[in-house]
């Protein structure tokens, strides 16, 4: 059974929403965490409404990327033993964000018409070699007149 893109996206939205609500069930985390999670939920909800363009998916990517690092900083600064459950839910939410990032990136690429969807990488390390890489162009030797004085152009 193959899951559709929207089913996986809704599942990740539901998991993120539940983890965010559980992490904010007490006042252990500051209001900046509430703001970042609210932006993330709003951007994810926007992808459900506007499925025709790739802009909401790229916005979700940007917010997921920024909130990933801000959540790490917020959890590290507010780590106290008596806030264990809320911080554990925030940590699990941090682990879910790369999946949300990759899913929204693949959705945006599919909407733009790319047929081959891969995990993003730097350069062409993960992509298969193309015809250009397998057969580099052969440069023809040009007939240059050998001149003992070298290049003699007009200045």
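Read-outs throughout are calculated quantities, based only on the coordinates presented, and are distinct from any laboratory measurement. Note that the coordinates shown come from a computational prediction; the quantities given were computed from them, not determined experimentally. Please note: Cβ atoms are built from the backbone with ideal geometry, for glycine as well, and neighbour counts cover all protein chains shown.
Things to note:
- Those residues of the stretch 44-58 which are touching a residue at least 12 places away in the same chain (Cβ under 8 Å), under 16 Å from the mean Cα position of the chain (by Cα) and over 15 Å from residue 98 (Cα atoms), in sequence order: 47, 54, 56
- Yes/no for residue 11 being out of contact with any strand residue (DSSP E or B) (no Cβ under 8 Å at 6 or more places or on another chain), within 23 Å of residue 102 (Cα to Cα) and either touching a residue at least 60 places away in the same chain (Cβ under 8 Å) or not in a loop (DSSP other than H, G, I, E, B) (or both): yes
- Within the stretch 42-53, the set of residues being surrounded by fewer than 19 Cβ atoms within 10 Å (Cβ to Cβ) and in contact with a helix residue (DSSP H, G or I) (Cβ under 6 Å, 6 or more places away or on another chain) comprises 46, 50.
- Filtered residues of the stretch 71-103 (kept if over 16 Å from residue 37 (Cβ atoms) and surrounded by 20 or more Cβ atoms within 10 Å (Cβ to Cβ)): 103
- Residues (surrounded by fewer than 18 Cβ atoms within 10 Å (Cβ to Cβ) and either within 15 Å of residue 80 (Cα to Cα) or in contact (Cβ under 8 Å) with a residue 24 or more places away in the chain (or both)) located in the stretch 17-35: 17, 22, 25, 26, 27, 30, 32
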